[in-house]
Amino acid sequence: MLAQAVVGAAFVAAIFLVLGGIAKVRKPENASMVLAYANLPSNWLLVRGMGYAEILAGAACIVGWRPAWFIGSAAYLGFSIFLGFLMANDLADKGCGCLGVSSEGSRVDHLHLILNIVAMASLGLAGWAQVGPSWHVLHTLGAFAIPLLLSVSLCVYLVYLGVSLLPRLTTPRDLVKGGALANEPSLNQIGIARSDG
C-alpha cells in the first residue's frame, strides 16, 4: 500500500535527478557560479561529475535498484541543506543552478526548498517500501498505469515551471534589466576554473 502511495512522487523525483544531472553536464557554469558564491568548490569538472552522479542515481531509481532510492533521497537531503544555506546567507537571489537555470531573474524560495524535502521523503519511502522497476510498477497497475504516466508527466512539467519560471515572475524586473543583477561578476571575476573537457 505504501509503495502505491509514493510511487508517482518518487518517479517524479527520480526524473528530476536525471534532468538536473543533464543540466549540470550540459551547462555547468550556472551551478558552478552558485557554488562559488557560497564559497564552495566550483570547478566545472566537479559540477559535471555531480551531474553524472545525479543521472546515474535517478536512472537507477527508475530501473528499481533499491539502494538508489536511498542514494537519491540523500542527494535531495543535500540539496535541501544547500538551499537552506543559500536562503540563510542572503544568497537566495543567486538561484540554485540545479536545472541549468541561470541566476539572472531566478531565486531560491521556500517552494523550492519544500519540493526538495518532498522529493527526499518520497524517494526514501519508495526505498523503504521496496518499489520495483518502473515497468513492473506500470504492469502491476494495469489500466491505472496511463493516469499514473499522465500525472507524473504533468507533475514534472509543473514542478519545472514552479522551480524555474515562478521565481522569475516574482523577481522585480528592474533587478534583471539594468539593476543589481546587471553588475553581477562574470565567471572569471569570481575565479571559477573553467574546464570544457
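The values are calculated or read from the model by the stated rules, or taken from the named source; none is laboratory data. Note that the structure is predicted; figures quoted are calculated from it, not measured. Backbone-built Cβ (ideal geometry, glycine too); neighbour counts: all protein chains shown.
Would you mind telling me which numbered condition in (1) within 19 Å of GLY72 (Cβ to Cβ); (2) modelled with pLDDT of 75 or more TYR160 fails?
Condition not satisfied by TYR160: (2).
Would you check if there is a residue in the range 24-32 being out of contact with any Pro (no Cβ under 6 Å at 6 or more places or on another chain) and more than 30 Å from SER134 (Cβ to Cβ)?
Yes, the range 24-32 contains at least one residue that is out of contact with any Pro (no Cβ under 6 Å at 6 or more places or on another chain) and more than 30 Å from SER134 (Cβ to Cβ).
Please pick out the residue among ARG66, ARG48 that is surrounded by fewer than 19 Cβ atoms within 10 Å (Cβ to Cβ) and either among the basic types (Lys, Arg) or on the phi > 0 side of the Ramachandran plot (or both).
The match here is ARG66.
With respect to GLY72, is the statement that it is at positive phi, crowded, with 20+ Cβ neighbours inside 10 Å, in contact (Cβ under 8 Å) with a residue 12 or more places away in the chain and out of contact with any Pro (no Cβ under 7 Å at 6 or more places or on another chain) true?
Answer is no for this residue.
Kindly indicate whether any position in the range 141-150 is surrounded by fewer than 20 Cβ atoms within 10 Å (Cβ to Cβ), part of a helix (DSSP H, G or I) and on the phi > 0 side of the Ramachandran plot.
Scanning the range 141-150 turns up at least one residue that is surrounded by fewer than 20 Cβ atoms within 10 Å (Cβ to Cβ), part of a helix (DSSP H, G or I) and on the phi > 0 side of the Ramachandran plot.
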